[in-house]
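See below for the structure under consideration.
The values are calculated or read from the model by the stated rules, or taken from the named source; none is laboratory data. What you are looking at is a predicted structure, and each value in this text was computed from that prediction instead of being measured. Glycine also receives a Cβ, built like all others from the backbone with ideal geometry; neighbour counts cover every protein chain displayed. SASA here: full protein model, heavy atoms, side chains in, ligands and nucleic acids out. Shrake-Rupley method; radii C 1.70, N 1.55, O 1.52, S 1.80 Å.
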Protein chains: 2
Amino acid sequence: MRDNVINLKVVLADGEVMKTASRARKSAAGYDLTRLLIGSEGTLGVITEITLRLQKLPQSSVVAMCNFPTIKDAADVAIDTMHSGIQVSRVELLDEVQIRAINLANDKKLPEIPTLMFEFVGTEAYAREQTQIVQKIASEHNGSDFVFAEDPEEKKELWKIRKEALWACFAMKPKFEAMITDVCVPLSHLAELISRSKQELDGSPLTCTVIAHAGDGNFHVVVLFDPTKEEQRREAERLNHFMVHIALSMEGTCTGEHGVGTGKMKYLEKELGIENLRTMKRIKDALDPNNIMNPGKLIPPHICF
Amino acid sequence: MRDNVINLKVVLADGEVMKTASRARKSAAGYDLTRLLIGSEGTLGVITEITLRLQKLPQSSVVAMCNFPTIKDAADVAIDTMHSGIQVSRVELLDEVQIRAINLANDKKLPEIPTLMFEFVGTEAYAREQTQIVQKIASEHNGSDFVFAEDPEEKKELWKIRKEALWACFAMKPKFEAMITDVCVPLSHLAELISRSKQELDGSPLTCTVIAHAGDGNFHVVVLFDPTKEEQRREAERLNHFMVHIALSMEGTCTGEHGVGTGKMKYLEKELGIENLRTMKRIKDALDPNNIMNPGKLIPPHICF
């Protein structure tokens, strides 16, 4: 998403309004304040306008699903697909628990084993060609034949189900809360990250589901716990902590998409180093000297310079 | 290029070494210091290491050239190609003067009229399909039939010629200097920008050549002038000024790639507004309080807060 942001209008801490950039697609005119503001979690200013780059709708799209005996097979296919140079539009990995949740919530009968969902876009011929290339990669890793969503309504429904995957989890445990974590690692480490995490998750008494934006090396886990039971909350936190630490040991990040807030502050020093945090703090103090912009978020309180 | 930068190692003004990010492809962990540093022209720190994302070499590439009676036709084809949703790998626009320079410097006989150079990549079938789609767009705008570079050596030579286009200009005027400007506008304004600029350039007594990375709306002009003649230097500056002001009137930027340095400082306030410049200055002062990092560059000296 952030690659499609051309510029922002931002209200700064002193009440002044700033435009971050021109409307040109690329610019070397000054610091990239657009990117500095994106993901700053409201700590540097309030974004009031966003100019986005529009994308042409593709002429054709193919949506396909494929099942695997193990989650490692599925992850390997996602990695090999990305390494093949195919510009796959989406590749989503769901584990068997997530598929069970989806079946329950949507009254579906999808096979409850690790699954990849693909979208290939482009001209009709190219979307078909990509599909064939990836089908071949999948079959080399014990993948099933592809199942296709054919008509537009069917495709839309499939992505709707995917988008609502989190809510589907609550169909399994209606009164539970969800601890959601998203880590991201270099693509070459994704299969190992997923395998090691999955082993830990399967060994836990809690119900955990896995969804990965596998093409990015981005890995989400939903851990369901009973909020009235302190030991369950602690177990959810332990699992979160476990996955963040594996990701960091693989030169990954504690959060690929969700942000830091207060929950992941404690991991930043390990991930980025103290000099990075000091630099962030310097910028924060310079742009918001009275600390009125979402105070207490993102930058750990002990950082000083 | 900047989209392929994963992280940087940077020596800061206080002598400490900072890593800007993890090695993950995407991250929401803190401010995007990688992007803040890219294009900061050495004013915030000294970059000592760059981690880049590798791209798979495409299975196939097609390189094609096409000529047009007017430069507006060529620009319209570049715009329509981008709007068609084709992910063209490169589309470069060269005016007749630039082609003349290339012919002179490389002993070639390319037709000396406005020209587009394309590169289409992907699978063999897809590269061919893209070529056909764009050939159709070109023929709707009075384009010639495509001329293809067939074997790898021929392709390499063609891009080498393109890369060395600036040096080719000096074949026309060996003892002259070049004033080079690069502006960038929203794609929808590119044809108008090029038409208006070309009219002004053709009316000038100086020799001027045009090269555009047309897919980005990025437009380069080389103005050759005799450095011993003050009125020629002034005329070159006038042309530069003229083009920057047209670009800014189209919500574009005074520099798409080359940067600000000292020469384009004077345009930043018009392009970005005073609040943007004050924010840059705040960041600069916070990270480099003694102003030892490439002092005097990028941020206009009159900016204060």
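Here are some notes:
- Selected residue (only one of B:I194, B:I211 is more than 10 Å from chain A (Cβ to nearest Cβ), under 26 Å from B:E164 (Cα atoms), open to solvent by less than 30 Å² (accessible area, probe 1.4 Å) and outside any helix (DSSP H, G or I)): B:I211
- All strands (runs of 3 or more DSSP E) inside segment B:1-69 with 2 or more residues being more than 10 Å from chain A (Cβ to nearest Cβ): B:5-11, B:46-52, B:60-67
- Here A:K266 meets each of (1) open to solvent by less than 60 Å² (accessible area, probe 1.4 Å); (2) assigned by TED's automatic domain parsing to the domain that holds A:G45 with one exception, condition (1).
- If only residues of segment A:295-305 that are facing chain B (nearest Cβ under 9 Å) and in contact (Cβ under 8 Å) with a residue 40 or more places away in the chain are counted, the one that is farthest from the chain's Cα centre (by Cα) is A:I299.
- Number of positions in segment B:101-113 that are surrounded by fewer than 20 Cβ atoms within 10 Å (Cβ to Cβ) and not in a loop (DSSP other than H, G, I, E, B): 4
- The residues of segment B:29-75 that are open to solvent by 20 Å² or more (accessible area, probe 1.4 Å), among the small types (G, A, S) and farther than 30 Å from B:D151 by Cβ, listed by number, are B:G39, B:G42.
- One residue from B:S89, B:S60 being of a type in the set (S, T, Y) and out of contact with any helix residue (DSSP H, G or I) (no Cβ under 7 Å at 6 or more places or on another chain): B:S89
- Matching residues in segment A:164-181 - criterion: being more than 18 Å from A:E112 (Cα to Cα) and out of contact with any strand residue (DSSP E or B) (no Cβ under 9 Å at 6 or more places or on another chain): A:P174, A:K175
- Residues in segment A:241-262 that are crowded, with 16+ Cβ neighbours inside 10 Å and more than 7 Å from chain B (Cβ to nearest Cβ): A:F242, A:M243, A:V244, A:I246, A:A247, A:L248, A:M250.
- Filter result (in a loop (DSSP other than H, G, I, E, B) and either at the interface with chain A (Cβ under 8 Å from one of its Cβ atoms) or open to solvent by 70 Å² or more (accessible area, probe 1.4 Å) (or both)) within segment B:272-294: B:G273, B:P289, B:N290, B:N291, B:I292
- Residue check, A:V88 away from chain B (no Cβ under 11 Å), assigned to a loop (DSSP other than H, G, I, E, B) and surrounded by 18 or more Cβ atoms within 10 Å (Cβ to Cβ): yes
- Candidates are the residues of segment A:70-85 that are of a type in the set (V, I, T) and more than 13 Å from chain B (Cβ to nearest Cβ); the one that is farthest from the chain's Cα centre (by Cα) is A:T70.
- A:I180 meets the conditions (1) surrounded by 22 or more Cβ atoms within 10 Å (Cβ to Cβ); (2) within 14 Å of another protein chain (Cβ to nearest Cβ); (3) within 23 Å of A:I102 (Cβ to Cβ) in every case but one. The failed one is (1).
- Scanning segment B:215-235 for residues that are farther than 30 Å from B:V134 by Cα and in contact with a Ser or Thr (Cβ under 9 Å, 6 or more places away or on another chain) turns up B:V223, B:L224, B:F225, B:E235.
- Test: residue in segment A:198-208 that is open to solvent by 10 Å² or more (accessible area, probe 1.4 Å), within 16 Å of the chain's Cα centre (by Cα) and in contact (Cβ under 8 Å) with a residue 60 or more places away in the chain: no
- Against the numbered list (1) within 22 Å of the chain's Cα centre (by Cα); (2) basic (K, R); (3) open to solvent by 20 Å² or more (accessible area, probe 1.4 Å), B:R128 comes up short only at (1).
- Test: residue in segment B:44-59 that is farther than 27 Å from B:A191 by Cα and of a type in the set (K, R): yes
- Scanning segment A:123-177 for residues that are within 20 Å of A:V63 (Cα to Cα), of a type in the set (A, V, I, L, M) and more than 14 Å from chain B (Cβ to nearest Cβ) returns A:A138, A:V147, A:A149, A:L158, A:I161, A:A165.
- Within segment A:249-269, being outside any loop (DSSP other than H, G, I, E, B) and free of Cβ contacts under 8 Å to residues at least 24 places away in the same chain holds for A:S249, A:Y267.
- Residue that is touching a strand residue (DSSP E or B) at 6+ places or on another chain (Cβ under 6 Å) and of a type in the set (G, A, S), where the choices are B:G261, B:G252: B:G252
- Failed item, numbered, when B:D95 is tested on (1) away from chain A (no Cβ under 14 Å); (2) surrounded by fewer than 23 Cβ atoms within 10 Å (Cβ to Cβ); (3) modelled with pLDDT of 95 or more: (2)
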